[in-house]
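Quick notes on the structure that follows.
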Amino acid sequence: MDINETLSQYSDWCYGIAVGAYFVAMLFYLYEQAFGYRRRAVAKDRELVAVGSGGADEVAGSVDEPSDEPGDEPVLERNGRAERIGKLAVALTVFGVALHVAALALRGLATHRAPWGNMYEFGAILCLMAVVTWLVVLRKYAVRHLGVWVLLPVVVLMFLGGVLLYTTAAPVQPALQSYWLVIHVFTIASGSGILLVPGVVSILYLLKVRRPRLLSGLAARLPAADVLDQVAYRATVFAFPIYTAGVIFGAIWAEQSWGRFWGWDPKETVAFVAWVVYAAYLHSRATAGWRGGRAATINIVGFAVMIFNLFFINLVTAGLHSYAGV
């Protein structure tokens with residue numbers, strides 16, 4: 001089947017511009033992270049409390065308040081200019097998503113197949129789902145300035161994908177010409193992309209609650225610990241069934257292609273290990289009531305195993321999944 005080179009070129013352009021948009025948005029998020037709050041005079045706060053105003057308490061209890069306990073940190077107030085730049089960062093993120101979607105759609109039209117048949121395309125759909133998840137989180141939680149930490153791995157992965165893993169648009173190998181390519185790969189990439197967000201948020205949670213001396217300034221500007229914990233938990237709860245479905249669909253496809261549901265292939269095995277870790281995270285939250293640092297640590301381990309499986313296993317080890325190419 002002929003490849004439409006023009007659409008393929010347009011796809012590459014949209015991909016590159018999307019990476020640029022995410023990078024600029026990341027810088028804007030960084031500005032809001034660094035300058036989103038200004039110190040407020042302590043005397044003024046005491047005066048507000050003395051007259052019975054709830055303004056200081058509201059600042060201390062808001063989801064953007066950078067301390068778990070109001071007395072631990074200097075009282076801060078919003079910086080209007082930084083807040084406007086943060087809103088511009090969100091607009092740039094949405095613009096990047098639109099270009100990202102266009103890049104994948106044009107790639108699919110150029111190759112006449114689902115645009116996730118190799119590592120370059122798989123990484124693109126994974127990063128897209130991560131950014132879309134982040135935009136959804138922003139609608140519910142006032143954690144906009146954390147966008148720099150979510151977009152940082154996305155920009156790095158997309159840059160490496162475009163430079164090191166780029167593959168010229170072409171049909172997939174015969175073994176991959178199946179409707180299970182659409183179902184299994186899209187599902188596993190979507191679940192993995194969504195899980196990127198709680199993985200990053202769990203790392204920030206540990207920085208927040210442990211407050212290493214060298215990172216005390218960063219910890220002070222993070223949202224309240226319970227907000228970070230809630231974002232990580234709810235995103236994982238949403239992503240886990242999708243990731244589970246991806247693993248199950250992969251087993252069904254394996255049975256159709258290789259005559260067995262499970263063969264201890266490296267990618268299958270590590271994917272199952274990641275699933276077990278995330279299951280342990282949700283189980284510990286639901287039954288043992290594990291919250292805070294222990295739960296965040298389990299979530300980070302699951303995130304690390306998933307990233308290891310998606311990239312190291314595909315690029316370094318040899319297995320039945322290696323024929324997909326890079």
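Tabulated results
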read-out: The one condition in (1) modelled with pLDDT of 90 or more; (2) crowded, with 17+ Cβ neighbours inside 10 Å that Leu222 fails to fulfil; value: (1)
read-out: Val101, sole failed condition from (1) within 21 Å of Pro153 (Cα to Cα); (2) buried (at least 24 other Cβ atoms within 10 Å of the Cβ); (3) not charged (D, E, K, R); value: (2)
read-out: Subset of the stretch 236-276 (residues that are aliphatic (A, V, I, L, M), under 23 Å from the mean Cα position of the chain (by Cα) and farther than 17 Å from Phe311 by Cβ); value: Val237, Ala239, Ile242, Ala245, Val247, Ile248, Val276
read-out: Tally, over the stretch 233-274, of residues that are of a type in the set (Lys, Arg) and in a helix (DSSP H, G or I); value: 2
read-out: Filter pass, Tyr243 being closer than 14 Å to Ser192 by Cβ and of a type in the set (Ser, Thr, Tyr); value: yes
read-out: Close pairs (6 angstrom Cβ cut-off, 6 or more residues apart or separate chains): in contact (Cβ under 8 Å) with a residue 12 or more places away in the chain in the stretch 1-14, assigned to a loop (DSSP other than H, G, I, E, B) and surrounded by 14 or more Cβ atoms within 10 Å (Cβ to Cβ) anywhere; value: Met1/Pro171; Ile3/Ala169; Ser8/Ala169
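Condition check ((1) of a type in the set (Asp, Glu); (2) farther than 25 Å from Asp12 by Cβ; (3) assigned to a helix (DSSP H, G or I); (4) at pLDDT below 85) across all residues:
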| site | (1), (2), (3), (4) |
| --- | --- |
| Lys44 | no, yes, yes, yes |
| Asp57 | yes, yes, yes, yes |
| Ser67 | no, yes, no, yes |
| Arg81 | no, yes, yes, yes |
| Gly86 | no, yes, yes, no |
| Ala103 | no, no, yes, no |
| Arg107 | no, no, yes, no |
| Met129 | no, no, yes, no |
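The values are calculated or read from the model by the stated rules, or taken from the named source; none is laboratory data. This is a predicted model, so every value here is computed, not measured. Quick reminder, even Gly has a Cβ in these numbers, built from the backbone with ideal geometry, and neighbours come from all protein chains shown.
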